[in-house]
Amino acid sequence: MLDYLSRKGHDVEVLHLERWPDLGAEVGRAVVDGRADVGVVMCWTGTGTAIAANKVDGVRAALAWDAWIARGARQWNDANVLAMSLKRLSPDVAVEVLAAFIDTPGPDPDEEENIALLTDLEGPR
Ligand SMILES: O=C(CO)[C@H](O)[C@H](O)COP(=O)(O)O
């Protein structure tokens with residue numbers, strides 16, 4: 001994935017945090033703070049880092065296991081963090097999923113209202 005991103009000219013910062021909640025949250029913060037355009041998290045299942053990232057207001061982390069899901073997450077959910085499973089995805093498939101996520105432009109305008117509803121769910125209740 002790093003080779004792919006560097007061949008495509010992306011600047012990549014790799015975070016080496018030991019605990020998956022810390023990693024997911026820190027990647028989420030990097031996106032929300034504008035230090036990164038998008039984030040990518042991986043853990044054994046992909047679920048823990050996704051959950052941690054989604055705890056950060058403004059993060060829309062999506063667990064994806066194929067290119068179609070990654071594309072849909074961008075188009076329909078305006079996902080800004082991609083989560084993947086280290087266990088389930090071969091390196092080649094992980095690159096395909098990542099490429100689909102990165103190359104799919106922002107959300108379908110028809111989904112703006114739905115995406116705004118996600119923002120409404122954030123913060124104190
Ligand atoms: O998939 C994960 C969380 O969703 C973790 O990778 C899995 O639980 C293993 O944890 P650790 O890396 O701390 O041993």
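The values are calculated or read from the model by the stated rules, or taken from the named source; none is laboratory data. Predicted, not measured: the structure shown is a model, and the values here were computed from it. Every residue, glycine as well, gets a Cβ built from its backbone with ideal geometry; the counts of neighbours run over all protein chains shown. Side chains included, ligands, DNA and RNA excluded: accessible areas come from the protein's heavy atoms. Shrake-Rupley method; radii C 1.70, N 1.55, O 1.52, S 1.80 Å.
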- line: If we keep only residues of the stretch 90-105 that are free of Cβ contacts under 8 Å to residues at least 40 places away in the same chain and surrounded by 13 or more Cβ atoms within 10 Å (Cβ to Cβ), then the residue farthest from the chain's Cα centre (by Cα) is Val93
message: Taking the conditions exactly as written (closer than 12 Å to Ala64 by Cβ and either modelled with pLDDT of 95 or more or open to solvent by 70 Å² or more (accessible area, probe 1.4 Å) (or both)), does Ala79 satisfy them or not?
response: yes
- request: Please tell me if Val31 is part of a loop (DSSP other than H, G, I, E, B), surrounded by 19 or more Cβ atoms within 10 Å (Cβ to Cβ) and either small (Gly, Ala, Ser) or more than 16 Å from the ligand (Cβ to nearest atom) (or both).
  value: no
message: I need the full set of residues from the stretch 107-121 which are open to solvent by 60 Å² or more (accessible area, probe 1.4 Å) and either in a helix (DSSP H, G or I) or in contact (Cβ under 8 Å) with a residue 12 or more places away in the chain (or both), in order please.
response: Pro109, Asp110, Glu112, Glu113, Asn114, Leu117, Leu118, Thr119, Asp120
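What do you reckon, is Val56 away from the ligand (no atom under 16 Å from the Cβ), out of contact with any strand residue (DSSP E or B) (no Cβ under 6 Å at 6 or more places or on another chain) and without any contact (Cβ under 8 Å) to a residue 40 or more places away in the chain?
When the stated conditions are applied, Val56 passes them.
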- request: Name, by its number, the condition in (1) near the ligand (Cβ under 9 Å from one of its atoms); (2) out of contact with any Gly (no Cβ under 9 Å at 6 or more places or on another chain); (3) open to solvent by less than 20 Å² (accessible area, probe 1.4 Å) that does not hold for Thr47.
  value: (3)
query: For the stretch 2-11, which residues satisfy the criterion of being under 17 Å from Glu96 (Cα atoms) and either in contact with a His (Cβ under 7 Å, 6 or more places away or on another chain) or open to solvent by 70 Å² or more (accessible area, probe 1.4 Å) (or both)?
result: Leu2, Asp3, Ser6, Arg7, Lys8, His10
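To keep it simple, each residue is scored yes or no on (1) within 16 Å of the ligand (Cβ to nearest atom); (2) within 26 Å of Asp3 (Cβ to Cβ).
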{"site": "His16", "(1), (2)": "yes, yes"}
{"site": "Trp20", "(1), (2)": "yes, yes"}
{"site": "Gly39", "(1), (2)": "yes, yes"}
{"site": "Asp66", "(1), (2)": "no, yes"}
{"site": "Asn77", "(1), (2)": "no, no"}
{"site": "Ser85", "(1), (2)": "yes, yes"}
{"site": "Pro91", "(1), (2)": "no, yes"}
task: Determine whether the stretch 13-25 contains at least one residue that is in contact with a Phe, Trp or Tyr (Cβ under 8 Å, 6 or more places away or on another chain) and either under 19 Å from Ile51 (Cα atoms) or at pLDDT 95 or above (or both).
output: no
Scope the stretch 56-97; condition within 30 Å of Pro124 (Cα to Cα) and in a loop (DSSP other than H, G, I, E, B); matching residues: Val56, Asp57, Gly58, Val59, Arg60, Ala64, Asp78, Ala79, Asn80
